[in-house]
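Note sheet for the following structure.
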Amino acid sequence: MHILQVALRSTALTLGLAGMSAQAIGDVETDLRCLSSATTPAIRLEWHTFADSTAGWFGGYVRYEGKSQVIPIVLSDTQTLSRPSGRPWEFRYVWLEVSNGRITGEYHLSSQGADVYDFSYKNLRTGKLSSFPEVKSAVQGGECKWQ
């Protein structure tokens, strides 16, 4: 199946799951990250992912500050960067952004356990790369609250 077809099918499921709690759908794990660019003015976003490792399904969405619409994302690639003994493994993920039926961007995320080491976005139309450090203090009540 073509990756865009997979992305679109996963997108529909992701948006359906977005309003449900993890308890209501079983073994689905959720993750929320708040990230902000170092640019002026700052670009801020909420990063929501969902994973059902039993079913092998991964999806999510991004919501930019001030926007009500979400942008669906689909996991494209995962790499194990390191496997330290007695510590969480370090991973690198590539997520595809799907907008208007097209893949329009890539999100790159490196993390180890609860820590995000690197998060960036590449606009596939312009080639522009933007970096987004995590802002843990903005996570409040299941959403990002920006000061």
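A few comments on the model shown:
- Each residue of segment 51-67 is assigned a 3J(HN,Hα), and the resulting list reads 9, 10, 5, 5, 8, x, 10, 9, x, x, 7, 10, 10, 7, 3, x, 10 Hz, derived from the Karplus form 6.51 cos²θ - 1.76 cosθ + 1.60 (θ = phi - 60°), x at Gly and Pro.
- Cβ-based net charge around residue 110, under 13 Å, with every Lys or Arg adding one and every Asp or Glu removing one: -3
- P(r) of segment 101-143 over all Cα-Cα pairs, binned every 10 Å from zero, in whole percent: 23, 42, 29, 6
- Convex hull of segment 74-147 built on C-alpha atoms - directionally averaged projected area, nm²: 6.7 nm²
- Here residue 136 is the anchor, and the lysines within straight C-alpha reach of less than 22 Å, apart from those fewer than 8 places off in the same chain, are 67, 145.
- Restricting the calculation to Cα atoms, segment 43-116 shows an Rg/Rh of 1.01 when the hydrodynamic-style radius is the Kirkwood one.
Any read-out appearing in this document is the output of simple, stated calculations on the displayed coordinates, not a laboratory observation. Everything numeric in this text was worked out from a predicted model, so none of it was measured. FYI the Cβ positions are ideal-geometry reconstructions off the backbone, even for glycines, and counts take in every protein chain you see.
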